[in-house]
Every structure is written in structure tokens, then in C-alpha cells.
2 protein chains.
Amino acid sequence: MRKLTVKERVVEAALDLFQEKGYHGVSVEELVEHAETSKGGFYHHFKSKDDLLYEIHDIFISYVLNETKRASEQYDSAIDQLDALMRTFMNVFNIYQRHITVFYNESVYLLPNHEEAITKKRTAYRKLLEQILINGQRQQVFRQELSITITAMLIIGTVNWTYKWYKQDGELTMQDITTYFNDVILRGVMTEAGYREAATKQYLL
Amino acid sequence: MRKLTVKERVVEAALDLFQEKGYHGVSVEELVEHAETSKGGFYHHFKSKDDLLYEIHDIFISYVLNETKRASEQYDSAIDQLDALMRTFMNVFNIYQRHITVFYNESVYLLPNHEEAITKKRTAYRKLLEQILINGQRQQVFRQELSITITAMLIIGTVNWTYKWYKQDGELTMQDITTYFNDVILRGVMTEAGYREAATKQYLL
DNA sequence: CCACACAGACCGACTAGTCGGTTCAAATTG
DNA sequence: CAATTTGAACCGACTAGTCGGTCTGTGTGG
């Protein structure tokens, strides 16, 4: 385990403190104390307190976006793609839950200054999911009468909300949760043909 | 339309401003200006700025809790109950979307001071939903292998997340959205017997 | 005249960000 | 290889401003 840089220590401290007390509940003073650095050190690496919040967001959203793209490109079947997307997102919880929590709690304060950069990546992610749903309709495995937009929102809502209640040391693992989610969502969106494919591939309980 | 009281004007102003700029993005100064009152007026009605945030939350959660209880008590069938719960929650969006937005965005800052009061009502709501799912399993209309906890979280996540993207003046009405949500979720959780009941009752697309 | 609703000047605590200064390791030079 | 230079990393006292909350005063309806 290599020694952490100051910048990394600051991010670590921020994740712990922001998650607990919120962005506005933690002063830069308190932050640098936990990170075992100083005000000077902090402002050497970050333009502002706001800038730190943005970086935390970007670390996480970039990772999710890349991983999801990579994962879904490995498959042709929309059912496989949807499963991959879900698993990818749920996997990053184990690494990035603190980032996600901080991001969703504080995004109101972040938006005015970094709106463009944020919206871009979030839209890209939504499009990725919507494309999978469209693929599924083309492949006749997802029902034609589905609204792409609303279905996408249902899925995003389901996975995103997990940050509000998932506990890493709880009795449910991310594996379990994803399996359940996939089961309910797939059954909810699939056609008969899709059902047969998913059953064969053991996606259902 | 009767004249609004100072207290009501403050709450109205808070909902508009907090939704846009967040709780910490709005000073009491700015708030009372928008509400066309003064600091004295504000502190005559509220113990603190924090207290206002709590009231906003309580107005909304109390309403949802009562309405949901009332709605689900009207039915014996778990399918009807789940539909009623969904419709109730989605309906309050048209009245309380601003409350909900403020509440979820700022709940981190609210918790330390009002933890007990908040947790109580939120837990009550979750229990209500879980009980409906259990009823459904007893009635053999929801699948036995469902995890009550995870399914409840999927549903709560789906409906709660709506505050992030639903626009009152958008092309989708809350009616449309709820119908889609119900369709996907019901298909996801039901047994064959449940499917026949729901189809008869026109809950599916 | 008194209780209540409200006004707004004021206070004190707190905090984001600055800035002159220090350290130290690596690059440059003679 | 020592002597010297350089500059990035880091420090922390300080500032300028903000903002939640208080307090005294004032008008008003009963």
C-alpha cells in the first residue's frame, strides 16, 4: 500500500465527512485537519471548496460511464446488456458509495457552477440505457408498448436510490440485491420470447 | 383565493427558493424579502431556519402517510392496495413536488436535529408498503420468492426518484407515468394468478 | 392599554479564500 | 561532485465578508 498523496487524502477525508455531515456541515478548516494537511495545501490542489465537490462527482461518473460502455459493448443481446449495465452500476457501489451519496445530496449546490460538464455525462449515461431498451424492442425481447423514457427512469431510480439504504456491512450483498432487481425489472419489461431467453440464461429467480 | 398568512408566504417562498438554490444557497435575508416580510416576522413564526426546513418536510410526509393509509385501507386485494399506494404517492407530486425536492436534497442537514421525528414517519411508510407486499404473498398474487425488503426499496426508489426528473409542464402527466410504473412493477412481482386478476382489473397496458 | 404581529438595525460567530513565507528535492552549473 | 539555483508543495495567520439569530421598538386590533 503506497503512501497517499495530499490530494488523495483530502478526497478521502471529504468523502467521509461530507457523507456524515454534508458539504455545508464541514468547514475547510475541519477538512484539512482530517486530511492531515493545511489550508495552503488544500488551495494548492483545489481551486475552491466547490472544485473539490466537482472532482468527487467526476471521479465517480466517469468511472460508471466508461465501465458501462465497455460492459454493454460486450453483448449483442439486449437482455445481456441490461444485466451488464445493472451489475456494473451496482458493483461501483462497493467502491464509490460515498461519492454517490455526496454527489446526489449536494448536486443542487454543484449545478450552478458546473452545470454543463455534469449534464453532459449524465445524459450520456441515460442515452446508453435508452439505447439498450430500444435494442431490446428491436430484438422483440422487450415489449413494444414500453415507454423508453419512463422505463429508463424506473431503472435509474431503482439503482440510484440504493445509495439511500444500502449498507456495506449489512446482511444483503450487492450481488443479492442486483439479482433481485434484475429479476423484477426483466419480468416487468420482457416479452414472452424475452422471458424464454432470460430463463435459459438464468437471469430469473 | 384568500390572502396568505405570513407563515404561509414564508413556506411558499422557501419552497421556490430552496428548490432552485438549495437550503444553504438562500439566506434568511433573501427568504423574508421574497416572502414580503422581515426577519422579525420570520423568527416570530419559526424557531430557526432549520425549523422551517423541518416543517416543510413534515407537511409533506404527514400528508403522504395519511393518504396512503386511507387509500390502502379501502381494499382487500394486495394488487388494488399497491396500485392505490402508487397512485397516492404520485398524486402528491402535483401538490408537493417542491416539498419533496427540498426534503430529499437537504435531509442530511435536517437529520442531526430532528432524526427521531423523521425516521419514525418514514419507517411507518415503509412498513405500510411492506405489509402490502406480504398481503400479496399471502393472497398468492405476488411471488413467494420475492424479498420484501428489496422489492419495497425498488418501488420506493422508483417513485421517489421521480422528483429528479418530472416536470409539471412536461408532456407526460403523472397519470401516464403511474400507469407505466404500475404495469412494469406489477408484471415484475406477480404470480400467474395475480396476472389474471390485474389483467381483469385493467392495471396492465 | 395590553397582547400580539411584525419591522429592521445590530451583533457575534464563523468561514472561504489569500498571501507572504518556508522547506526540500531535483535540476543546473562550474 | 559539491555548490547553487529553482520551483513546486506546503504552511498557517490573517482578512473580509456573510449570515443566523437577537433585541428593541412600533403599530394595531380588541
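The values are calculated or read from the model by the stated rules, or taken from the named source; none is laboratory data. Keep in mind it's a predicted model, so treat the numbers as computed, not measured. Cβ sites come from the backbone with ideal geometry, for glycine too, and all protein chains shown count toward neighbours. All accessible areas refer to the heavy atoms of the entire protein, side chains included, with ligands and DNA or RNA removed. Shrake-Rupley method; radii C 1.70, N 1.55, O 1.52, S 1.80 Å.
Which residue out of B:Leu186, B:Leu205 is within 17 Å of A:Val189 (Cα to Cα), open to solvent by 60 Å² or more (accessible area, probe 1.4 Å) and at the interface with chain A (Cβ under 9 Å from one of its Cβ atoms)?
B:Leu205 is the lone residue from the list that is within 17 Å of A:Val189 (Cα to Cα), open to solvent by 60 Å² or more (accessible area, probe 1.4 Å) and at the interface with chain A (Cβ under 9 Å from one of its Cβ atoms).
Among all residue pairs at least 6 apart or on different chains, which show Cβ distances below 8 Å where the first residue, located in region A:91-104, is open to solvent by 30 Å² or more (accessible area, probe 1.4 Å) and the second is not in a helix (DSSP H, G or I)?
A:Asn94/A:Gln168
Inspect region B:9-18 for any residue being in a helix (DSSP H, G or I), within 23 Å of B:Ala124 (Cβ to Cβ), more than 15 Å from DNA strand C (Cβ to nearest atom) and within 14 Å of chain A (Cβ to nearest Cβ) and give the result as yes or no.
no
So in region B:141-195, with the set limited to residues that are closer than 16 Å to A:Ile155 by Cβ and of a type in the set (Gly, Ala, Ser), which one is nearest to the chain's Cα centre (by Cα)?
Per the criteria, the residue is B:Gly157.
Tell me whether region B:139-157 contains one or more residues that are among the charged types (D, E, K, R) and closer than 30 Å to A:Lys21 by Cβ.
No, region B:139-157 contains no residue that is among the charged types (D, E, K, R) and closer than 30 Å to A:Lys21 by Cβ.
Quick one: which of A:Lys21, A:Lys39, A:Lys47 is surrounded by fewer than 14 Cβ atoms within 10 Å (Cβ to Cβ) and more than 9 Å from DNA strand D (Cβ to nearest atom)?
It is A:Lys47.
Of all the residues that make up region B:19-46, how many are under 30 Å from B:Ala124 (Cβ atoms) and either within 14 Å of DNA strand C (Cβ to nearest atom) or of a type in the set (Asp, Glu) (or both)?
Going through region B:19-46 one residue at a time, the tally reaches 3.
Considering only region B:54-61, I want to know if a residue exists there that is away from every other protein chain (no Cβ under 14 Å) and within 16 Å of DNA strand C (Cβ to nearest atom).
Scanning region B:54-61, I find at least one residue that is away from every other protein chain (no Cβ under 14 Å) and within 16 Å of DNA strand C (Cβ to nearest atom), so the answer is yes.
Suppose we keep only residues that are more than 14 Å from B:Tyr125 (Cβ to Cβ) and part of a helix (DSSP H, G or I) within region B:54-80. Which one would you say is most open to solvent (accessible area, probe 1.4 Å)?
B:Glu73
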